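Let me begin by presenting the structure, written as structure tokens, before commenting on it.
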Amino acid sequence: MACVVSVSSALAKPHILKSPDSNITVIVDGDKELNYSVKAADVELISPSRLGVVMRDRSMGNKVSTKYRSATFSDDWTQPWGENKHISCAYNELAVVQTSSAGEFITRFRAFDDGIAFRYEWDLKDKETIVIDDELTEFNLQSGSMTWSIPGSFESYEHEFRSLILDDVEDANTPFTLQTPQGIFASIHEAALYDYPEMTLCRTEADVLKAELAPLPDGVKAYVPSRFATPWRTVQIAADAVGLINSSMILNLNEPSKIADTSWIKPQKYVGIWWGMHLGTQTWTMGSRHGATTENAVKYIDFAAANNIQGVLFEGWNEGWENWGGNQHFDYSKPYDDFNMEYIAEYARNRGIELWAHNETGGNIPEYEAAMDSAFAYYHKLGIHTLKTGYAGGFKGGYYHHSQYGVQHYQRVVELAAKYGLMIDAHEPIKETGIRRTWPNMMTREGARGMEWNAWSAGNSADYLCILPFTRLLSGPMDYTPGIFDIDYSRAKADKGRLEWNGPNADCCIKTTLARQIANWVIIYSPLQMAADQIENYEGHPAFQFFRDFDADCDWSRALQGEIGKYIVVARRAGDKYFLGAGTNSEARTLEVSLDFLKPGVTYRADIYGDLPGSTNPEDLCVISKSVVSTDVLTVSMLPTGGQAVVFTQLE
Ligand code: NOJ
Ligand code: CA
């Protein structure tokens with residue numbers, strides 16, 4: 001580890017900060033009113049842009065003295081799980097320290113080889129709570145840039161992606177990804193979001209996007225202490241689109257783990273009683289189609305044990321689902337009468353399977369917060385280590401999901417869960433900003449349109465799936481819940497007389513080929529990775545061997561090829577095994593993929609799950625095995641909406 005600090009006077013302006021490889025430059029100018037600009041490879045990426053926050057009835061006064069402190073840092077660190085367990089961190093830092101009789105205000109910049117970040121820190125003498133009315137941060141971008149994002153909603157991330165020319169973006173949420181006319185790729189996001197609202201982006205003038213914080217019901221953006229640091233405002237930068245995916249900058253801007261013993265935190269594959277409720281063939285509530293019954297639970301546990309799957313989720317196990325979507329009152333510790341929790345927990349334990357708990361709150365935060373402690377204690381007693389939470393419904397009291405109130409709530413859950421040895425999978429969450437480094441029990445989250453949208457809407461297109469890795473997934477793991485094998489599920493709905501449930505969704509099908517469903521297990525990283533279909537669709541299916549072989553506890557990852565909205569190829573290693581996932585949009589595509597990521601000198605058996613050439617049935621699959629070495633090139637041929645998944649196993 002190396003850390004060098006130096007201080008310079010305010011006179012030598014503007015101040016220049018360079019990335020360790022000197023490719024990225026941040027220029028900080030102005031004195032009291034600072035601005036910043038960013039160049040990549042000597043080309044302007046961000047033109048001079050405003051900085052600052054608006055504190056109600058506070059100012060630094062007229063007599064402000066400014067000092068510039070430089071530092072350099074490099075270190076390698078490891079994490080208990082992640083796309084990459086070993087991560088290198090190197091950056092140069094410039095802190096602009098403004099001091100007056102009011103106290104100290106610091107604007108701290110960091111330049112990495114894969115992007116830049118800055119945040120505001122203050123330590124004001126008067127210890128009163130500070131009211132944040134606005135954040136002035138701007139991103140003055142390059143006219144004509146192409147952008148990919150979702151709208152700037154404070155309530156939900158479950159929106160279609162838009163591919164828009166910068167001029168057409170009115171507001172957006174982050175990660176906000178762009179390509180400049182000069183061909184540089186960048187993505188604006190945030191890191192280490194605690195005790196503050198999320199940042200969305202809003203156009204103020206031609207090419208300028210300004211930070212727009214999610215407000216509280218009284219219009220205030222945040223109430224914060226007089227000593228505080230905001231989340232980092234981040235801009236990942238790369239020469240090609242996959243370079244954004246291979247960046248670790250968001251994690252590098254978060255603090256090391258606060259959980260000392262992480263031995264209980266383990267990636268898993270899981271199955272569950274889930275898809276049937278979204279299809280309408282099963283119910284969360286008790287009744288003739290109730291999914292979470294003792295009988296079904298035993299079947300799922302047996303299936304998991306027989307198929308190298310570590311976890312099982314049963315939604316609709318607890319009382320209260322009758323009122324969901326209205327005035328919900330869930331009981332987080334009371335199983336339905338036909339779900340024998342004690343028996344099921346013991347049965348799972350005896351078979352070496354992790355039983356999950358599920359807490360849908362419907363947005364009733366006060367009630368959930370009142371019940372959390374005793375519910376988590378109950379799960380702990382039952383030997384449960386994994387909890388899926390859900391917030392499908394407006395928050396009581398008119399709070400936005402992504403406001404400071406929401407951010408604080410989601411964090412309280414993570415910290416209480418850590419106390420009770422629970423890993424979290426949050427649905428309708430706050431966006432991922434890398435806090436998994438500090439709270440490694442915060443495993444995965446939804447935060448985009450997941451698989452469920454295929455059950456009751458027009459669904460997620462293959463084009464959508466080719467934007468996801470370059471936007472939402474840049475922020476961190478996603479519980480997309482991939483792997484539906486029953487692509488044309490109208491038969492399953494018709495069998496149960498439920499064809500018209502959830503509206504006349506005439507399609508009743510998943511919008512990709514089966515090979516792409518398998519590839520998504522590799523492409524969409526999640527340390528808790530679900531095989532989302534009902535187990536009867538996996539039983540006896542030869543392609544399920546892929547999930548049996550798959551390992552969610554990955555050691556290394558690399559996005560190999562990709563163009564935003566067109567295709568993506570990702571490789572991962574877990575132990576001695578490698579996995580490859582490739583996917584295309586609505587166009588057929590053939591890619592040549594070098595296998596140079598494999599260990600040199602080792603022969604591997606490649607089990608390849610691909611689209612069946614010439615077929616028009618998306619459920620057709622072509623599975624072949626062959627020997628390969630690291631000097632080989634794999635030809636990946638994909639049908640429209642198709643994909644390919646490969647397991648590489650070392651041959652003796
Ligand atoms: C929405 C979640 O995304 C989904 O996974 C869950 O089944 C439902 N809410 C019910 O909690
Ligand atoms: Ca959802």
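Some points to look at:
- Over the Cα atoms of the range 2-252, the radius of gyration divided by the Kirkwood radius equals 0.95; this is the Rg/Rh ratio.
- Potential extension, Asp549-Val602 segment - 0.36 nm per residue separation minus Cα distance: 17.2 nm
- Cross-link partners of Lys85 among lysines (Cα-Cα below 20 Å; sequence separation of 8 or more within a chain): Lys258, Lys266, Lys269, Lys577, Lys599
- Our summary gives the chain a relative contact order of 11 percent, counting only alpha carbon pairs under 8 angstrom and 6 or more residues apart.
- At R0 = 35 Å, FRET efficiency that the Cβ-Cβ distance of Lys13 and Ser101 yields, to 0.05: 0.90
- Rounded to the nearest 10 degrees, the angle from helix 294-306 to the longest Cα principal axis of the chain is 80 degrees.
- The range 2-252: relative contact order in percent, alpha carbon pairs under 8 Å with at least 6 residues between: 18 percent
- Net charge, Leu193 excluded, C-beta distance under 10 Å - Lys, Arg +1, Asp, Glu -1: -3
- Pairwise label distance in nanometres, Arg56 with Lys496, each label 7 Å out on the Cα-Cβ vector: 5.0 nm
- Tilt relative to the chain, helix 365-381 - C-alpha long axis, 0 to 90 degrees, to 10: 60 degrees
- Alpha-carbon centroids, the range 596-652 and the range 513-558: separation in whole Å: 15 Å
- Segment Arg349..Ser163, full-extension length gain: 62.2 nm, with 0.36 nm per residue of separation and the alpha-carbon distance subtracted.
- For the range 160-210, accessible area per residue (1.4 Å probe, heavy atoms of protein chains only), Å²: 32 Å²
- Per-residue [θ]222 nm for the chain (sum of -39500 (n - 2.57) over DSSP H runs n ≥ 4, rounded to 500): -4500 deg cm²/dmol
- Helix 514-523 axis, angle to the chain major axis (alpha carbon atoms, nearest 10°): 40 degrees
- Antiparallel DSSP beta bridges within the chain, percent to nearest 5: 85 percent
- Straight-line reach from Lys381: taking Cα to Cα under 13 Å and skipping same-chain neighbours fewer than 8 places apart, the aspartates and glutamates in range are Glu342, Glu346, Asp373.
- Shown is the FRET efficiency for Val629 and Ser288, computed with R0 = 60 Å from the Cβ-Cβ distance and rounded to the nearest 0.05: 0.60.
- Protection proxy ranking of 388-395, 448-455, 592-599, by the mean of other Cβ atoms within 10 Å over each peptide's residues and highest first, is 448-455, 388-395, 592-599.
- In order along the range 183-192, the Karplus-derived 3J(HN,Hα) couplings, from 6.51 cos²θ - 1.76 cosθ + 1.60 at θ = phi - 60°, round to x, 7, 9, 8, 9, 8, 7, 9, 10, 6 Hz, and Gly and Pro are given as x.
- A Stokes-Einstein calculation at 20 °C with viscosity 1.002 mPa s, built on the Kirkwood radius of the chain over Cα pairs, returns a diffusion coefficient of 83 µm²/s.
The values are calculated or read from the model by the stated rules, or taken from the named source; none is laboratory data. Since this is a predicted model, take the numbers as computed values, not measurements. Glycine also receives a Cβ, built like all others from the backbone with ideal geometry; neighbour counts cover every protein chain displayed. In case anyone asks, the SASA skips ligands and DNA or RNA and just uses the protein heavy atoms, side chains included. Shrake-Rupley method; radii C 1.70, N 1.55, O 1.52, S 1.80 Å.
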